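Q: Just passing along the structure, written as structure tokens.
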Amino acid sequence: MSDTAIRTIAARARGVGKTYGAGDSATVALHDVDLDIRAGSLTAIMGPSGSGKSTLMHVFAGLDSASTGTVLIGDVDITHLDDDALTLLRRRSLGFVFQAFNLVPTLSVFGNVTLPFELDGRKLTDTESAWIHELLARLGLGALEQRRPHELSGGQQQRVAIARALAMRPQLIFADEPTGNLDSRSSREVLTLLRDLTREYQQTVILVTHDPVAASHADRVIFIADGTLARDVPASDPKTLSDIILDLEVRS
Ligand SMILES: Nc1ncnc2c1ncn2[C@@H]1O[C@H](COP(=O)(O)OP(=O)(O)OP(=O)(O)O)[C@@H](O)[C@H]1O
Ligand SMILES: [Mg+2]
């Protein structure tokens, strides 16, 4: 493969399997998954509950180790990194948005969003500071920068967590049901922002969602069933996506 082809792949799974537990209680959560994620794209992962979506995301992000196979982030094989190297890679190159926001209660919105820089032991540059103010404004949090998390609604807290994940402009952003707690307007704003980031900054986003409307913002939709890749389709409308989901649920 040429260098250019390698550079355009942001993440790659080869023969990835994940088994939790052992013996009679073993659960095969992923089986022999091969997947290339193109840089600068928004990929949605859909599938029935328990099909392995979160596991795939955790293994891709080095939050959980693969039982078999290899995972590359850019051209780094993370299955061979030690904990310190993985921590640095996660802090500098990956962004996470999970349903549990994990905001620090004693810090303001601005403090929470700039925490990744703090943890990395450095001050914001002027450009970074301008970007964070822009990000907060785009997420409708511009007037709330000095509030603490308990002074915000659930949807506002969710958006702070999203801003924090995007603050360092990570190469790769993982979002597991990021719009699960948002009303349809906030949800659309978040999805539009995620998609704009892929267009404007060549960032790569992997989004796990049950919502066909959310997934319809993606460039590509991967369906997982019983720990394997069941379907892989280009950008589609919500109706097409929900038909595929129904079909997979009927079969399982
Ligand atoms: N830490 C764990 N220990 C044991 N089994 C686990 C663990 N995490 C997940 N599993 C199992 O692995 C399978 C896949 O789980 P996973 O969380 O990846 O599903 P999911 O597709 O994200 O589901 P949902 O849509 O409900 O979030 C399930 O059978 C689940 O019970
Ligand atoms: Mg899940």
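Q: Among the residues of the range 76-124, how many are open to solvent by 60 Å² or more (accessible area, probe 1.4 Å), farther than 18 Å from M57 by Cβ and of a type in the set (S, T, N, Q)?
A: The qualifying residues number 1.
Q: Within the range 125-140, track down each residue that is exposed (fewer than 15 other Cβ atoms within 10 Å of the Cβ), under 25 Å from the mean Cα position of the chain (by Cα) and of a type in the set (V, I, T).
A: T127 - this is the single residue of the range 125-140 that is exposed (fewer than 15 other Cβ atoms within 10 Å of the Cβ), under 25 Å from the mean Cα position of the chain (by Cα) and of a type in the set (V, I, T).
Q: Please determine, by comparing only the residues of the range 141-178 that are open to solvent by less than 50 Å² (accessible area, probe 1.4 Å) and assigned to a loop (DSSP other than H, G, I, E, B), which one is farthest from ligand 1 (Cβ to nearest atom).
A: E145
Q: Which ones in the range 47-69 are within 9 Å of ligand 1 (Cβ to nearest atom) and on the phi < 0 side of the Ramachandran plot?
A: The answer is P48, S49, S51, K53, S54, T55, L56, M57, H58, D64.
Conditions (1) open to solvent by 30 Å² or more (accessible area, probe 1.4 Å); (2) within 16 Å of ligand 2 (Cβ to nearest atom); (3) among the acidic types (D, E), marked per residue:
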residue: G180; (1), (2), (3): yes, yes, no
residue: V190; (1), (2), (3): no, no, no
residue: L194; (1), (2), (3): no, no, no
residue: E200; (1), (2), (3): yes, no, yes
residue: D219; (1), (2), (3): yes, no, yes
residue: R231; (1), (2), (3): yes, no, no
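Q: Scan the range 39-65 and report the pairs whose first residue is over 18 Å from A218 (Cβ atoms) and open to solvent by 20 Å² or more (accessible area, probe 1.4 Å) and whose second residue is among the aromatic types (F, W, Y) and near ligand 1 (Cβ under 8 Å from one of its atoms), with Cβ atoms within less than 8 Å and a gap of 6+ or a chain change.
A: Taking only residues 6 or more apart or on different chains, not a single pair turns up.
Q: Sticking with this structure for a sec: Cβ-Cβ distance below 8 Å, separation of 6 or more or different chains: which pairs start in the range 138-163 with a residue that is basic (K, R) and end on one that is surrounded by 19 or more Cβ atoms within 10 Å (Cβ to Cβ) and in a loop (DSSP other than H, G, I, E, B)?
A: Close Cβ pairs (under 8 Å, with a partner that is surrounded by 19 or more Cβ atoms within 10 Å (Cβ to Cβ) and in a loop (DSSP other than H, G, I, E, B)) amount to R159/L139; R159/L141; R159/L182.
Q: Of everything in the range 79-109, what is farther than 15 Å from L119 by Cβ and assigned to a helix (DSSP H, G or I)? Give them in sequence order.
A: Selection gives T79, H80, D83, A85, V109.
Q: Of S236, S186, which residue is open to solvent by 10 Å² or more (accessible area, probe 1.4 Å), more than 16 Å from the chain's Cα centre (by Cα) and in contact (Cβ under 8 Å) with a residue 24 or more places away in the chain?
A: Of the residues listed, the single one that is open to solvent by 10 Å² or more (accessible area, probe 1.4 Å), more than 16 Å from the chain's Cα centre (by Cα) and in contact (Cβ under 8 Å) with a residue 24 or more places away in the chain is S186.
The values are calculated or read from the model by the stated rules, or taken from the named source; none is laboratory data. It should be emphasised that the depicted structure is a prediction, and the values quoted were computed from it without experimental measurement. FYI the Cβ positions are ideal-geometry reconstructions off the backbone, even for glycines, and counts take in every protein chain you see. All accessible areas refer to the heavy atoms of the entire protein, side chains included, with ligands and DNA or RNA removed. Shrake-Rupley method; radii C 1.70, N 1.55, O 1.52, S 1.80 Å.
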